[in-house]
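Chemist: My questions all concern the structure below.
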Amino acid sequence: MSSAPFVFVTRQLPEPGIELLLQAGYEVEVWPEDRPIDRAVLLNKVAQCDALISMLTDSIDEEVFDHAPQLKVVANFAVGFNNIDVALARKRGIEVTTTPNVLTDATADLAFGLLLAAARRFTEGEQLVRSGQWDGWTPTQLLGRPVAGQTLGIVGMGAIGQAVARRAKGFGMSIVYHNRRRVDAAIEEALNARYVSLNDLFSQSDFVSLHAPLNDESRHLVNADSLAKMKETAIIVNTARGPLIDEVALAAALQRKQIFAAGLDVFAEEPIIEPQLMTLPNVVMMPHLGSATVTARRDMVELCCRNILAVLQNQPALTPAPAVN
């Protein structure tokens, strides 16, 4: 039996993938199907694992750790880690790592793209052209909302939130933000961003972009009450985590035109979509493409591998998941 460290990967990854691990002489096995791994298979494979590369769709919990006596590191293929019981992992001496920074620009680009698409009704316009029913230009056709000079509210002013703010500056937007902790004054000045309460952010913003982590406090951060505070012309964008939004409440608000539109890249029960959202023309929806550029996904794989190499060589992880209180 091989004495090389064994790494199991729960999903096929973009090329060049796990080459760094193979070059180091590690034994690597990848779940061959392009869908979430069967739970029974995951429990069977972790029994032999020294390291695991997991996806957000994998619940890495006490049951998994109970089946993994030699597991030393879980490298999550994501910035977030709400799918992992980090506190229990660390209690058992298992490191948990994430992939911050390398997908910041890709996700910020998509967030701003959704903002533009929802404001200027890109989806409706494309569908009209493709339908063959477009009769030509008219002065009143598919009137959208302006972007330049408007107020953007950013919920979660981490790396991605700040990257969205930088893009908004190019459109001359005013920026307000809410974060668990106020960011440094130098960052506020560079972004011309103003810290406000969450209630004020919802009431003042023409656009709201969500970049907060998912936890018990942030679940359904956007709900019937917060939607009621927003302008009738407001647009909400979510490229963070689906459960930040109460999707039933959002659908109701959009249906009765309580807000203008929404741009969504993430959903509460992916790949299942709230049925009411599917019927509404004022929702732009993407299939969780925030980090889906060749460069970002390549760098995410590399960072997962480098974290595994570091931990299994008794070095500190490059990007450990933040401590959980």
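The values are calculated or read from the model by the stated rules, or taken from the named source; none is laboratory data. Being a predicted model, the structure only gives us computed values, none of them experimental. As a convention, Cβ positions derive from the backbone with ideal geometry for all residues, glycine included, and neighbour counts pool all protein chains shown. Only protein heavy atoms, including side chains, enter the accessible area calculation; ligands, DNA and RNA are left aside. Shrake-Rupley method; radii C 1.70, N 1.55, O 1.52, S 1.80 Å.
Chemist: Just to verify a result, which residue in the range 154-178, among those that are part of a loop (DSSP other than H, G, I, E, B) and open to solvent by 40 Å² or more (accessible area, probe 1.4 Å), is nearest to Asp105 (Cα to Cα)?
Modeler: The qualifying residue nearest to Asp105 (Cα to Cα) is Gly170.
Chemist: Another question about this same structure. Take the conditions more than 28 Å from Asp50 (Cα to Cα), in contact with a strand residue (DSSP E or B) (Cβ under 7 Å, 6 or more places away or on another chain) and hydrophobic (A, V, I, L, M, F, W, C) and apply them to Leu280. Does it pass?
Modeler: Here the answer is no, as Leu280 does not meet what is asked.
Chemist: Would you be able to say whether some residue in the range 108-117 is of a type outside the set (A, V, I, L, M, F, W, C) and more than 20 Å from Ala262 (Cβ to Cβ)?
Modeler: No, the range 108-117 contains no residue that is of a type outside the set (A, V, I, L, M, F, W, C) and more than 20 Å from Ala262 (Cβ to Cβ).
Chemist: Another question, if that's okay. So which residues in the range 303-321 are under 25 Å from the mean Cα position of the chain (by Cα) and open to solvent by less than 70 Å² (accessible area, probe 1.4 Å)?
Modeler: Answer for the range 303-321, where residues must be under 25 Å from the mean Cα position of the chain (by Cα) and open to solvent by less than 70 Å² (accessible area, probe 1.4 Å): Leu303, Cys304, Cys305, Asn307, Ile308, Ala317, Thr319, Pro320, Ala321.
Chemist: Mind listing whichever residues of the range 1-10 are farther than 16 Å from Ala47 by Cβ and open to solvent by 50 Å² or more (accessible area, probe 1.4 Å)?
Modeler: Ser3
Chemist: Same structure again: Let me spell it out: the conditions are (1) touching a strand residue (DSSP E or B) at 6+ places or on another chain (Cβ under 9 Å); (2) over 30 Å from Leu214 (Cβ atoms); (3) of a type in the set (A, V, I, L, M, F, W, C), and Val129 meets all of them except one. Which number is the exception?
Modeler: If we test Val129 against (1) touching a strand residue (DSSP E or B) at 6+ places or on another chain (Cβ under 9 Å); (2) over 30 Å from Leu214 (Cβ atoms); (3) of a type in the set (A, V, I, L, M, F, W, C), just (1) comes out false.
Chemist: Let me ask you something else. Quick test for you: out of Leu115, Leu71, Leu88, Leu110, pick the one residue that is out of contact with any Phe, Trp or Tyr (no Cβ under 6 Å at 6 or more places or on another chain), modelled with pLDDT of 95 or more and farther than 30 Å from Cys49 by Cα.
Modeler: Checking each option against the conditions leaves just Leu110.
Condition check ((1) modelled with pLDDT of 95 or more; (2) open to solvent by 20 Å² or more (accessible area, probe 1.4 Å)) across all residues:
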residue: Arg39; (1), (2): yes, yes
residue: Gln48; (1), (2): yes, yes
residue: Ala51; (1), (2): yes, no
residue: Val64; (1), (2): yes, no
residue: His67; (1), (2): yes, yes
residue: Phe77; (1), (2): yes, yes
residue: Asn82; (1), (2): no, yes
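Chemist: If Val96 meets every condition in (1) among the β-branched types (Val, Ile, Thr); (2) farther than 26 Å from Ser209 by Cβ; (3) surrounded by fewer than 22 Cβ atoms within 10 Å (Cβ to Cβ) apart from one, which number is that one?
Modeler: Status for Val96: all satisfied but (3).
Chemist: Out of everything in the range 119-153 that is surrounded by 13 or more Cβ atoms within 10 Å (Cβ to Cβ) and in contact with a Phe, Trp or Tyr (Cβ under 8 Å, 6 or more places away or on another chain), what residue ends up being farthest from Glu232 (Cα to Cα)?
Modeler: Looking at the filtered set, the residue picked out is Leu128.
Chemist: Counting residues that are polar (S, T, N, Q) and open to solvent by 50 Å² or more (accessible area, probe 1.4 Å), which helices (runs of 4 or more DSSP H) fully inside the range 179-293 reach at least 2?
Modeler: Hits in the range 179-293: 198-204.
Chemist: Here is a follow-up. Would you confirm, using the coordinates I've provided, whether Gln315 is assigned to a helix (DSSP H, G or I) and of a type in the set (S, T, N, Q)?
Modeler: no
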